[in-house]
1. Do any helices (runs of 4 or more DSSP H) entirely within segment B:27-133 hold 2 or more residues that are closer than 27 Å to residue B:144 by Cβ and in contact with a His (Cβ under 9 Å, 6 or more places away or on another chain), and if so, which?
2. Going by the conditions given, is residue A:138 touching a Gly at 6+ places or on another chain (Cβ under 8 Å) and at pLDDT below 95?
3. I'd like to know if segment B:40-57 contains one or more residues that are facing chain A (nearest Cβ under 9 Å), without any contact (Cβ under 8 Å) to a residue 24 or more places away in the chain and at positive phi.
4. Quick check on this structure: which one of A:87, A:102, A:92, A:96 is without any contact (Cβ under 8 Å) to a residue 24 or more places away in the chain and crowded, with 16+ Cβ neighbours inside 10 Å?
5. What pairs come up if the first residue lies in segment B:11-39 and is buried (at least 24 other Cβ atoms within 10 Å of the Cβ), the second is basic (Lys, Arg), and their beta carbons are under 8 Å apart, counting only those six or more places apart or on different chains?
6. When you look at residue A:80, is it more than 30 Å from residue B:103 (Cα to Cα) and either at the interface with chain B (Cβ under 8 Å from one of its Cβ atoms) or among the small types (Gly, Ala, Ser) (or both), yes or no?
7. Here is a list: A:137, A:122. Which entry is of a type in the set (Gly, Ala, Ser) and surrounded by 24 or more Cβ atoms within 10 Å (Cβ to Cβ)?
8. Picking from B:109, B:104, which residue would you name as being more than 7 Å from chain A (Cβ to nearest Cβ), touching a Lys or Arg at 6+ places or on another chain (Cβ under 9 Å) and without any contact (Cβ under 8 Å) to a residue 24 or more places away in the chain?
Amino acid sequence: MPPDSPPAAVPAPRISAATSQPPPGVVALFFAFAKMSLAGFGGALAFARRGIVDEHRWMTADEFNETYALCHFLPGPNVVNLSVVFGARFRGVIGGIAAFAGLIGPPMVIVTIVGALYMRYGEIDALRRILTGVTCGAIGLLIAAVFRMMLPLLKRRDIAALAIMVLVFVAIGLVRLPLQLVLVAMIPISIAVTFMMRRGAT
Amino acid sequence: MNPNGNPVWSLVLTFGLMSLFAVGGANAAIPEMHRIAVDVRHWMTDREFADIYAISQLSPGPNVLIVTLIGYSVAGITGALAATLAMCVPTAAFAYFVSRWLARSRRSRWPAIIQASLVPLSIGLMAASALVVAEAADRTWAALLATIGAAILAAATRLNPLWILLIGGCLGFAGVI
């Protein structure tokens with residue numbers, strides 16, 4: 001169980017833990033996701049977990065992990081998928097739209113303003129130097145994320161998965177092939193390999 | 001896909017299609033965004049792309065907002081809105097239907113297998129993202145060292161990512177990088 005499961009304040013059994021709070025309304029969904037999103041520098045996921053599981057107790061940690069796993073394996077921005085699936089679970093399509101609008105709307109306004117300032121003042125020397133430094137930091141963060149995700153594969157000595165990973169890296173990063181082409185070829189291969197490995201393991 | 005047509009439509013087509021192939025989230029689709037925005041459509045230069053990536057990471061909110069900035073640079077506010085919705089709505093609708101379908105067929109083990117098989121693809125794509133942005137940015141030895149330093153700092157500590165970006169910004173401002 002993840003360490004950030006809800007505190008023991010709710011004595012009810014786990015199954016009913018999620019229903020210990022009334023389901024959020026449409027307006028509550030919008031503001032909850034707006035708040036998580038604006039707090040979420042460098043990705044909103046950690047803040048989504050904190051808001052949904054710890055603060056509002058709209059889901060148990062397990063339910064959150066399950067929903068997140070689903071949204072992670074679907075294509076597209078994971079947190080965006082999560083907001084829609086989560087909102088729709090409580091309030092139907094309108095709830096999904098409200099959560100999505102909260103997640104995307106306010107930060108979109110901010111990033112557009114910053115973008116407009118960049119278009120106008122981007123050539124100023126001091127700003128150029130700052131952005132160069134920030135870019136280094138951002139790439140470093142990405143490399144660290146890759147490293148963290150790779151660790152379980154390295155620990156398991158999962159050669160097949162590592163080989164697929166390297167192949168995708170070379171095809172996209174070095175050869176610069178179109179994404180669709182690479183995925184259409186690699187997804188079936190990866191699924192077949194995973195399926196065979198699991199069958200061999202059991 | 002008419003390159004001379006309305007730029008807003010080409011944003012919608014580009015990101016609407018990309019959305020459905022963005023396995024592993026927005027950060028895994030960075031190489032494809034770069035390929036289309038810089039190499040295919042010539043919407044921006046390499047350096048502008050690296051700058052926009054930095055700005056999107058520095059801003060609050062989901063990583064997908066780099067798409068908002070690409071849209072804005074192509075067609076202003078309309079472009080920002082069109083690109084963002086095109087990147088989010090198709091896959092969000094897909095997620096909605098899949099989650100309803102899965103709620104009814106819980107026992108299948110295929111979701112777990114597909115999920116596990118997509119993990120190496122996501123990691124490979126994100127690693128490619130790091131390379132693509134690094135190549136698009138100004139390439140100096142100091143920048144390379146700062147990038148490696150940031151990666152080690154982020155991997156070895158639980159420091160808030162924002163601090164790492166701000167440290168990078170300060171070093172850049174001081175003229176070290």
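1. B:46-58
2. yes
3. Checked segment B:40-57: no residue is facing chain A (nearest Cβ under 9 Å), without any contact (Cβ under 8 Å) to a residue 24 or more places away in the chain and at positive phi.
4. A:96
5. Going by the 8 Å Cβ cut-off, the qualifying pairs are B:14/B:41; B:31/A:176.
6. The answer is no for residue A:80.
7. A:137
8. B:109
The values are calculated or read from the model by the stated rules, or taken from the named source; none is laboratory data. Computed from a predicted structure; not experimentally measured. Cβ sites come from the backbone with ideal geometry, for glycine too, and all protein chains shown count toward neighbours.
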